[in-house]
Each structure stands twice: as C-alpha cells, then as structure tokens.
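The values are calculated or read from the model by the stated rules, or taken from the named source; none is laboratory data. Model, not experiment: these values are computed from the prediction. Glycine also receives a Cβ, built like all others from the backbone with ideal geometry; neighbour counts cover every protein chain displayed.
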Amino acid sequence: MSPRVSVILPTHNRAPVLARSIRSVLAQSASDLELIVVDDASTDATAEVLAGFDDPRLRRLRHDTRQGAAAARNTGLSAARAEWVAFQDSDDEWLLDKLERQEALLAADSALGAVYCAFVRVAGDQVVRTPGARVCRRAGWLHAEILRDSFISTQTLLVRRDVLDAVGGFDAALPRFQDWELMMRLSRHHAIGCVDEPLVVVHTLPDAITHDAPARLRARQRIVERHAVWLAAQPRILAEHRYAVGHLNALAGDMREARRWLRQAVAADPSFLKGWAALGLTVLGPRGYRRATTLRAGLRGRS
C-alpha cells in the first residue's frame, strides 16, 4: 500500500547534519510516510550517513552530477507514491507533531491545495520567527501576500500531489527562492492553510545558498520576468520587486543596471519613496552606496 505522505529531502555535502534532519522525519507522530532522500552528487560521507539508517520507509536516490536542490526535489517528486507530499531540507529539524498537525488541517478541508506552518530560523545567536508581523493574512487566498513576501519555506509545506503536478513542480533554473516562486504559482489557483505555530527549526549554515548574493540577484530577476503579468496588476508589489533587483545590482557594483531597475521601480509606483531614495544613492558609486545602505540599516535597527 502507498504511504499517506511522501517526504522529499534533497542533500548535497551535508553529512555532518543530515542524520539530525532524517531522524526528525522518521520520528514523526504521523508515521505513515516514506522519506525519499535525493543525494545531489555529494562527495562527502553522505552515503555512509544514509547507510546508518535501518528503516524501510527510507528510500535513497542519487544524481551522478550536481543539478541543484530544485531539480533534486523534482526527482523525488517523480518517485513519490503518496497523494500528499512534504519537503525537508538536510540542515533542518521538524518538531515531532509537524506532519500530524498539518495532515489534520489538509484532510478537513478539500479546498486547500497546501498547508504550511510557521518556522524559526536560527543563525548563530539570532532566532527569527516567520511569518512575522508584516504578513497580515496567513491563510486562505494568499496570492497577493505571497507575491509581496517570501514567508512559506519549502520544509514547512504539505501539498496535495495533484496540485504540485498541475503547477509543474519546482523551477530548476532558479538558484534561490524556488519555494517562493512555486507558491506564487500554487496560490494563484488554490487556497492555503496554515498552522500558525513554529513546527520547523531552520538552521542557517555559513556556506548555505542563502548567503550567495549573485544567486539571490539572478533569482529575483528571473521571478520578476516570469511573473510580470501578475505583478503588473499590483503596482506597489511590482515596485518592490524591481527595487530588490536594482538594490542587489548596486551592492554588486553594477550601477548602470541598478539605475535601470530602480527607475522601473518608481515608474511602477511613483509614491514608492524607498525606490527614489535608492536611486538617489546610486550617484555615490558602489562603495558609497554600500556605506549609505549599511548606515541606514543600522539606524533602523536602533529605532
């Protein structure tokens, strides 16, 4: 018989923390699951870590060449046998009742395409809860909220398999924000449920893709281009996305591209003061822009 939930866990060279992540899945109170670990061409001791688990629910797949986390999730999805799919990351932990709480919500409402939960991100001494106060509406038809903000992380999701198939899975060309972009598409057609309690602990490691600024820039630009039609109907949200691309270009030192994107940001919404301020700061050049934005961030932190 097929399991109730397929859990897909992509990994690449995370042997020191992988066992913790796997244990948090296999220990779930809702135990009717399969865990599909997709080894994305690891060169460390990942194979040895996986061999240390004697649990028939654990399935192992491997890429011979590295393809990225989104492609690895799609590989796992093609092998999944359950009608519901969840995702885990090799750095992170689930609380013991994470799946049980989400399954109850998804089973109770057939109109929901997916259920997510809150999470806490741990980076050194900092602990941040997501969603934060900026996210006003946390369940229901969330397309506009999700276009504005990335607050649903992959490892917090439980999704109906047919819904994932209908939207086409993850965009393997994105180097970052694959979960955000997926939820932009999914939330366009389906209501989203929420367990508004942190049931996932996200550990940010020093070499995580989160810290890859060029990847962040490429991903933000691709999202703006791919979802141009939807964003055009939300001028302020479009302005914020264009600002993000312009700001990242300025931080990277490409002031010409930065000005082009920032001009597009204020053209989308002339009342967008942050865009005008950033555009003005570009006259300082790359070093001056970085100093000014660092100073501004520090002043906001003290207020």
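Can you tell me which residue within the stretch 218-251, out of those that are of a type in the set (Val, Ile, Thr) and more than 18 Å from the chain's Cα centre (by Cα), is modelled with the lowest pLDDT? Steps first, answer last, please.
To start, the set of residues in the stretch 218-251 that are of a type in the set (Val, Ile, Thr) comprises 223-224, 229, 237, 245.
Checking which are more than 18 Å from the chain's Cα centre (by Cα) leaves us with 229, 237.
Numbers: Val229: 93, Ile237: 96.
Among those that are of a type in the set (Val, Ile, Thr) and more than 18 Å from the chain's Cα centre (by Cα), it is Val229.
Do we find a residue being among the hydroxyl-bearing types (Ser, Thr, Tyr), in the same structural domain as Ala86 (by TED's automatic domain parsing) and touching a Phe, Trp or Tyr at 6+ places or on another chain (Cβ under 6 Å) anywhere in the stretch 24-44? Yes, the stretch 24-44 contains a residue that is among the hydroxyl-bearing types (Ser, Thr, Tyr), in the same structural domain as Ala86 (by TED's automatic domain parsing) and touching a Phe, Trp or Tyr at 6+ places or on another chain (Cβ under 6 Å). In the stretch 23-44, which residue that is free of Cβ contacts under 8 Å to residues at least 60 places away in the same chain and among the aliphatic types (A, V, I, L, M) is farthest from Leu157 (Cα to Cα)? Looking at residues that are free of Cβ contacts under 8 Å to residues at least 60 places away in the same chain and among the aliphatic types (A, V, I, L, M), I get Ala41.
A quick yes/no check of all residues on (1) under 30 Å from Pro235 (Cα atoms); (2) basic (Lys, Arg); (3) over 15 Å from the mean Cα position of the chain (by Cα); (4) in a helix (DSSP H, G or I):
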residue: Arg60; (1), (2), (3), (4): no, yes, yes, no
residue: Thr75; (1), (2), (3), (4): no, no, yes, yes
residue: Leu96; (1), (2), (3), (4): no, no, yes, no
residue: Glu103; (1), (2), (3), (4): no, no, yes, yes
residue: Val120; (1), (2), (3), (4): no, no, no, no
residue: Glu145; (1), (2), (3), (4): yes, no, no, yes
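Is it the case, given these coordinates, that Ala111 is exposed (fewer than 14 other Cβ atoms within 10 Å of the Cβ), in the same structural domain as Asn13 (by TED's automatic domain parsing) and in contact with a His (Cβ under 9 Å, 6 or more places away or on another chain)? Before the answer, list the steps.
Details: exposed (fewer than 14 other Cβ atoms within 10 Å of the Cβ): yes; in the same structural domain as Asn13 (by TED's automatic domain parsing): yes; in contact with a His (Cβ under 9 Å, 6 or more places away or on another chain): yes.
Considered against the rule, which asks whether it is exposed (fewer than 14 other Cβ atoms within 10 Å of the Cβ), in the same structural domain as Asn13 (by TED's automatic domain parsing) and in contact with a His (Cβ under 9 Å, 6 or more places away or on another chain), Ala111 comes out as yes.
On the given criteria, is Ile237 outside the structural domain of Gly68 (by TED's automatic domain parsing), out of contact with any Lys or Arg (no Cβ under 9 Å at 6 or more places or on another chain) and closer than 16 Å to Asp149 by Cα? Against the criterion (outside the structural domain of Gly68 (by TED's automatic domain parsing), out of contact with any Lys or Arg (no Cβ under 9 Å at 6 or more places or on another chain) and closer than 16 Å to Asp149 by Cα), Ile237 does not qualify.
Condition check: of a type in the set (A, V, I, L, M) and in a helix (DSSP H, G or I). Does Ile192 satisfy that? Even if it seems obvious, please write down each step before you answer.
Values: of a type in the set (A, V, I, L, M): yes; in a helix (DSSP H, G or I): no.
So Ile192 fails the test.
Looking at Arg287 and the list (1) touching a residue at least 60 places away in the same chain (Cβ under 8 Å); (2) farther than 28 Å from Arg188 by Cβ; (3) not acidic (Asp, Glu), which single condition is not satisfied? With respect to (1) touching a residue at least 60 places away in the same chain (Cβ under 8 Å); (2) farther than 28 Å from Arg188 by Cβ; (3) not acidic (Asp, Glu), Arg287 is out only on (1). In the same structural domain as Pro10 (by TED's automatic domain parsing), touching a residue at least 24 places away in the same chain (Cβ under 8 Å), part of a helix (DSSP H, G or I) and of a type in the set (Lys, Arg), is that true of Arg216? No; evaluated as a whole, the condition is false for this residue.
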